[in-house]
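A quick write-up on the structure given underneath.
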Amino acid sequence: MTFEEISAEDFREFAKNSPYKSFMQTPEIAKYREENGWTAYFLAAKHGEEIKAATMLVAKPYFLGKSLFIAPGGPLLDLEDQYLTEFFIKSLKKYLKSHNGYELHISPYYEITERDRHGDLVENGFNHKNAIKNLKNLGFTEVKDASQPKYMYALDLNGKSAEELMKDFKSNTRGHIRKAEKMGVTVRELKKDELKIFKDITESTSKRREFEDKPLKYYEEMYDLFVPRKEAMFLVAEVSVDSRESGARQREDERRSPVATGRPDAARESIETPLSAAMFMLYGSEVVYLFSGSDEKYMKDYNAQYELQWHMIKYAAEKKFKRYNFYGIHGLPDDNQPDGVYEFKKGFGGQVLEYAGTWELPINQTFYQMYKALKKLKHRG
């Protein structure tokens, strides 16, 4: 078996048929990282001319000229295959050491255990914990509080129609969808010059829920990289304010009557008001619900976030995707600490997914230990 650099297109072809593929392991993500100061690499283990395992890596000097290497959503290999995993990781470590690396982070898109919608283990379900054992034996340690989610929530589409899928929704979720439709909520795809609509909603949501939003530049770059390939969509749920406003906003419209404004048609203008927006990745056999936000003023009146999900689930079923991935949840469900994100996603049916998580491996022990020691001192200060 050999270990070597490969082209981005050879990597793309291999990834296309890998059961561990992820939109994070694509030449497009490599290009995005390169445009933001990283260096990208495509590396593979081959048996003859056949690629057996591969990864896309990005690197940036972080400490005394030494580089941190990251495999977002990778590597693409069967981690339970002890021989292949050992060969690939040991070869990778040698390669990174020769390329000035001090540390490697991986976050394989590799499911470990089979769980149900409550997060409980499925009796006689698959268990790939030997993958974790192999990583530990190679010197990896798990990274806590990593940016990539270890637990996700997904709906297995199983070739079902949208109507069949809806039967498994919770009754209150079906009710929210019907209410949104009754209130006139519609969903459409955003063009690139409309991404400010998306950004305004996600930014206000991030402030309300205290998380860091991506800059508009990120969304624009992801649009350019993935939308032309039909591997991403930005959607917005809207309502016409002239016919579907309620409460204080409606009373405000009445005060601003045609008589008051001096404009005869003012009260009849149809202005679409954005209520909720989301970004989806469409890669391989799954749709991934990646980022979203909702205008807090309208959430209870319109339930637009439910209509937006329903719109995309119908699209995924129609296009024969195998899975609708709601993406990250905050750890395993805990009855003592209810998670609103999990409860929202669980309303659509589906199950909890447990992935391998994020792991780090020292490449240059001296620099790795120095970096960790300085980081600990800085944290204490």
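The values are calculated or read from the model by the stated rules, or taken from the named source; none is laboratory data. If you're wondering where the values come from, they're calculated on a predicted model, not measured in any experiment. Every residue, glycine as well, gets a Cβ built from its backbone with ideal geometry; the counts of neighbours run over all protein chains shown. Each accessible area value is taken on the protein alone, full model and side chains, heavy atoms only, with ligands, DNA and RNA left out. Shrake-Rupley method; radii C 1.70, N 1.55, O 1.52, S 1.80 Å.
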Scope region 155-186; condition open to solvent by 30 Å² or more (accessible area, probe 1.4 Å), closer than 27 Å to Glu114 by Cα and assigned to a helix (DSSP H, G or I); matching residues: Glu163, Glu164, Met166, Ser171, Asn172, Arg174
Which listed residue is of a type in the set (Ser, Thr, Tyr), surrounded by fewer than 19 Cβ atoms within 10 Å (Cβ to Cβ) and not in a loop (DSSP other than H, G, I, E, B), from Tyr62, Tyr32: Tyr62
Restricting region 289-348 to residues that are in contact with a helix residue (DSSP H, G or I) (Cβ under 8 Å, 6 or more places away or on another chain), acidic (Asp, Glu) and modelled with pLDDT under 95, the residue that is farthest from Lys199 (Cα to Cα): Asp301
Some residue of region 125-134 being modelled with pLDDT of 95 or more, surrounded by 12 or more Cβ atoms within 10 Å (Cβ to Cβ) and in contact with a Gly (Cβ under 9 Å, 6 or more places away or on another chain): yes
Unique residue being out of contact with any helix residue (DSSP H, G or I) (no Cβ under 9 Å at 6 or more places or on another chain) and farther than 22 Å from Val239 by Cα when the list is Leu282, Leu353: Leu353
From the options Thr186, Thr205, Thr173, residue that is within 22 Å of the chain's Cα centre (by Cα) and not hydrophobic (A, V, I, L, M, F, W, C): Thr205
Selection count where residues are among the β-branched types (Val, Ile, Thr) and touching a Gly at 6+ places or on another chain (Cβ under 9 Å), scope region 77-123: 4
Leu104 open to solvent by less than 10 Å² (accessible area, probe 1.4 Å), under 17 Å from Asn134 (Cα atoms) and of a type outside the set (D, E, K, R): yes
Residue within region 188-203 that is assigned to a strand (DSSP E or B) and surrounded by 16 or more Cβ atoms within 10 Å (Cβ to Cβ) present: no
Top-ranked residue in region 354-371 [being aliphatic (A, V, I, L, M) and more than 30 Å from Asn325 (Cα to Cα); ranked as nearest to the chain's Cα centre (by Cα)]: Ile363
Of residues in region 296-311 being in contact (Cβ under 8 Å) with a residue 60 or more places away in the chain and surrounded by fewer than 19 Cβ atoms within 10 Å (Cβ to Cβ), the one nearest to Gln148 (Cα to Cα): Glu296
Residue list for region 116-135, filter: more than 17 Å from Leu84 (Cβ to Cβ) and part of a helix (DSSP H, G or I): Lys129
Count of residues meeting criterion [closer than 30 Å to Ser91 by Cβ, at pLDDT 85 or above and either of a type outside the set (Gly, Ala, Ser) or touching a Gly at 6+ places or on another chain (Cβ under 6 Å) (or both)] in region 349-371: 16
Selected residue (only one of Thr113, Thr2 is β-branched (Val, Ile, Thr), farther than 20 Å from Glu286 by Cβ, touching a strand residue (DSSP E or B) at 6+ places or on another chain (Cβ under 6 Å) and surrounded by fewer than 18 Cβ atoms within 10 Å (Cβ to Cβ)): Thr2
Residue match in region 35-57 (condition: closer than 17 Å to Gly284 by Cβ, assigned to a loop (DSSP other than H, G, I, E, B) and β-branched (Val, Ile, Thr)): no
Residue match in region 78-98 (condition: modelled with pLDDT of 95 or more, in contact with a strand residue (DSSP E or B) (Cβ under 6 Å, 6 or more places away or on another chain) and either assigned to a loop (DSSP other than H, G, I, E, B) or surrounded by fewer than 18 Cβ atoms within 10 Å (Cβ to Cβ) (or both)): no
